[in-house]
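Please treat every number below as a calculation from the coordinates, not as lab data. Since we're looking at a predicted model, the values are computed, not measured. FYI the Cβ positions are ideal-geometry reconstructions off the backbone, even for glycines, and counts take in every protein chain you see.
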Amino acid sequence: MSLQIAVLALQGAFIEHEQMFRSCGAECFELRQKTDLRRHFDALVLPGGESTAQSKLLRELDMFDELAARIRAGMPVFATCAGIILLAEKIADSEVHHFGGLPITVKRNAYGRQLSSFWAEEYFSGVGVVSMPFIRAPQIESAAPAVEILAFYGGYPVAVRYGNMLAMTFHPEITGDKRIHQWFTNNICTGNL
């Protein structure tokens, strides 16, 4: 049986993640309502978009607590941009808390507005040099010693791994390069690391 990946599809850029994971041999379905949580899934994708809107919708649809419990229980999570904000234990200049569990501090929209978006190329540990699209991206300001930093840009971490979580401030799903998604399925989802 192939890997079953649930992609949060309440708001934001989720279709590209589905396409990437399917190209890696996984099966994907979208989480849009509470009944979707009854389906079996081995991993969860928290996509880019607007973290406040996603968190609000998760609570309104009564999905937040169950997903939080699954994350705490060790379900593999792949998070990008807004997704890393949902996982972060602390958001700079904010008292807002979402799922938490990832011991980092992030700053929202650290690189500016949509018009300030840019691409960079940097080394990603275990993968190689990858393209990194930053779109209204958050910045990881600090990380606990137990957090493994997989990539840097401009002196700041931009990709981290902590237990079952792989989280990035950029958008690998729009590059056409599936290596990061494949690394997640091969390593974190299978417990090889």
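If I stretch the segment between Ser131 and Ala68 completely, what's the gain in nm (0.36 nm per residue apart, minus their alpha carbon distance), one decimal? Could you put the intermediate results ahead of the total?
On the way: separation 63, 0.36 × 63 = 22.68 nm, distance 3.03 nm.
Between Ser131 and Ala68, full extension yields an extra 19.6 nm.
Which net charge results for the neighbourhood of Pro47, defined as the other residues with beta-carbon distances under 14 angstrom from its beta-carbon, given Lys and Arg at +1 and Asp and Glu at -1?
Working: positive: Arg32, Arg136; negative: Glu16, Glu18, Glu30, Glu50, Glu173.
Charge balance in the 14 Å sphere: -3.
With θ taken as phi - 60° and the coefficients 6.51, -1.76 and 1.60, list the Karplus ³J(HN,Hα) couplings across segment 53-69 in order, rounded to whole Hz; mark glycine and proline as x.
5, 4, 5, 4, 5, 4, 6, 4, 8, 6, 10, 4, 4, 5, 5, 4, 5
Cα to Cα, under 22 Å, and not fewer than 8 places away if on the same chain: which lysines meet these conditions relative to Lys56?
Lys34, Lys90, Lys107
Tell me, what ³J(HN,Hα) does each residue in segment 7-15 have, in order and in whole Hz, if you take phi through Karplus 6.51 cos²θ - 1.76 cosθ + 1.60 with θ = phi - 60° and put x for Gly and Pro?
10, 4, 10, 8, 5, x, 8, 10, 4
What order do you get for 102-108, 152-158, 80-86 when each peptide is scored by the mean count of other beta carbon atoms within 10 Å, highest first? Can you show the working numbers first?
On the way: 102-108: 21.0, 152-158: 15.7, 80-86: 29.0.
Ranked by mean Cβ neighbours within 10 Å, highest first: 80-86, 102-108, 152-158.
Considering the alpha-carbon set of segment 38-79 alone, what are its Rg and its Dmax in angstrom?
10.5, 27
Suppose we keep just the DSSP beta bridges with both residues in segment 1-157; what percent of those would be antiparallel, to 5? It would help to have the intermediate numbers written out before the result.
Details: 14 of 28 bridges.
For segment 1-157, the DSSP antiparallel bridge percentage is about 50.
PRE reach from Ser117 (point 7 Å along Cα→Cβ): which of segment 164-179 fall under 13 Å by backbone N?
Within reach of a label on Ser117, which here means backbone N under 13 Å from a point 7 Å along Cα→Cβ, segment 164-179 contributes 170-175.
Let me understand the chain better: what is its radius of gyration from the alpha carbons, and its Dmax, in angstrom?
15.1, 45
Among Asp93, Asp42, which comes first, then next, by fewest other beta-carbon atoms within 10 Å?
Ordered by Cβ neighbours within 10 Å, fewest first: Asp93, Asp42.
Find which of Pro157, Ala146, Val77 sits farthest along the positive direction of the dipole of segment 4-188, computed with +1 on the beta-carbon of Lys and Arg, -1 on that of Asp and Glu, about the Cα centre.
Farthest towards the positive pole: Val77.
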